[in-house]
Amino acid sequence: LIGDLFAAGEVAFIMAIGALLEEMTTNRAKQGLKNLIALEPETGRIIQNNQEITIRVTEIKKGDILRVLPGETIPVDGIIRAGETSVDQSVMTGESLPVDKGAGDTVFSGTINQFGSVDIEATKVGEDSSLQKLIRMVAEAEAKQAPTQRIADKAASWLVPTALIIAIAAYLFTGDIVRAVTVLVVFCPCALVLATPTAITAAIGQAAKHGVIIKSGEALEKMGHVNTIAFDKTGTLTYGHLEISDILPMGGNTVEELLSVAASAESRSEHPLGKAIAAHAKRKGVTFYDAADFAMIAGKGVTATINGTKYSIGNEKLLREAGTTVPIEATRALEKIRTEGKASVIVARTDDVIGIIALSDILRPEASGMVQSLDDFDTEVVLLTGDNRQAAEYFAHRVGIRSIAADLLPEDKVENIMELRREKSVCMIGDGVNDAPALKTADVGVAMGVMGSDIAVEAADVALMTDDISKIPYLKWLSNTTVHTIKIAILLSMAINFVAILLSVQGVLTPTTGALVHNAGSCLVVLLAALLYDRKYRGVQPTMAG
């Protein structure tokens, strides 16, 4: 209006760049719910008049008797009425060990029957099934995620009308339209608008260099305010696969003899415990013998004849059926193994126990240091797991976690997260399908990108490209630093605007010089963001895999 096209063009140009950067930073794609839905089988096998009839899952009614064969996915929630088996429940609970099931035990839809054929009575079908609830929780948690209102937006809501009022007042008191226009130029909140997106863009770029994918600026800002981090156990704090932790020979037998007998029998087993024992023995170069008369008893163990002697290898129930008495020494060892959250396999002849082999999920070596680093950031660490209480306490004690919640189904994890969020800002770290609802419910969800399921990665706000959890303290540091940088940038832009408005009212600045001062503030904000991109983490620097 007053003919100063340079100032007008400069302001418009900077505003356009700010809007573009904001758009680039906040774009995110969310998908993966269809992958969760795909976990439910399309058909089930019901028993009618002693005949097996295959029907669609949607046609199964409460009270129907279904037969589930080894390797099949259980189509509905139910109770086992006949048969024994082991069920992989990791999709629901995240448990690393298959759970032995027999008559009267409950099974969940979406879980996998690993061994024996079982007949189950449907108790929850359709929308009431556990898997359908899991699907709904992911969708509902997504709907509950309200976008973060930018600090700049809050400030702009009162800055703009304030600038107009001051500009009008300057014109009324001085009668100089140039001063009024200068006030509008210098008060234009370009630096304020640029503070958030430029800092976030720089931080997201730095995170990507270290294998941490942050899906939005909103997630980065929220992570900077997080003061509580909840971890799943299996596949997160641990590797999620079984290894032999203890070999306890008894009755004068040696470690090699015990392992040789157990591995010879278990080499023909399909059970995860048996496979872990056989694999360990193979790595150790232990001698394998031919196992005759091999038999696998679902939920109990295996029997086999080795070098003319019959052995029972499994749990206490198997030994009782074989008529073998468990000595006090073995009973005490089994109790200690249970308190450490480990699985146990008893190896026995008909008349005596020759030893016990304990197996456990393996704790990641970096877990303890990671928890200590988070403590240094004044961040509370919580363990939320589907594993039993003893296993949870054992692992939590080893890494220094004091707050524990165990035996949790997905809905229980969600309830725990919601309870924590009443007073705290919460981040959830997980890797499995069962963690997806909790990841979406938390203020920030972080998924283990390599080990984790596609659903967990899609449900999360941040994904780790590798399974190195030592990157969590780095993520927290980067988020804290980003929020701090944004606050400094906003304060500087406000200070520059305040000084510039005083000089404009006094006539010291013109629209052209005011635009230059205005640009200087914007450049300062961008410079702070650029420095953030190259800032070094002073803790243990995360490294890329390979």
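Here are some notes:
- The Rg/Rh ratio of the range 204-258, with both radii computed over alpha carbons and Rh defined as the Kirkwood radius, is 1.37.
- Cα-projected label distance for Lys487 with Trp158, points at 7 Å along beta-carbon direction, nm: 1.8 nm
- FRET efficiency estimate (nearest 0.05) - Cβ-Cβ, Cys523 to Asp176, R0 35 angstrom: 0.80
- Label-to-label distance, Ile213 versus Leu69, with points set 7 angstrom from Cα along the beta-carbon direction: 3.8 nm.
- Over 31 Å (Cα to Cα) - which of Lys209/Lys487; Lys209/Lys282; Lys62/Lys413; Lys215/Lys536; Lys342/Lys424; Lys317/Lys440 fall in this group: Lys209/Lys282; Lys342/Lys424; Lys317/Lys440
- Inter-site label distance for Val255 and Lys317 at 7 Å from Cα along Cβ, in nm: 3.2 nm
- Theoretical FRET efficiency, 1/(1+(r/R0)^6), r = Cβ-Cβ of Thr305 and Thr339, R0 25 Å, to 0.05: 0.15
- Computed extension length for Asp246-Gln51: 65.5 nm, one decimal, from 0.36 nm per residue of separation with the Cα-Cα distance subtracted.
- Separation of the range 208-226 from the range 41-63 is 46 Å, based on Cα centroids.
- Probing with 1.4 Å while keeping every protein chain in the model, the per residue accessible area of the range 303-358 equals 46 Å².
- Put simply, when 223-233, 286-296, 438-448 are sorted by average Cβ atoms within 10 angstrom per residue, most first, you get 438-448, 223-233, 286-296.
- The simple Förster model, with R0 at 22 Å and r as the Cβ-Cβ distance, assigns Val508 and Ala530 a FRET efficiency of 0.15.
The values are calculated or read from the model by the stated rules, or taken from the named source; none is laboratory data. Keep in mind that what you see is a predicted model, and the values were worked out from it rather than measured. Cβ coordinates were reconstructed from backbone atoms using ideal geometry, including for glycine residues, and neighbour counts include every protein chain displayed. Areas reflect the complete protein model, heavy atoms only, side chains present, ligands, DNA and RNA absent. Shrake-Rupley method; radii C 1.70, N 1.55, O 1.52, S 1.80 Å.
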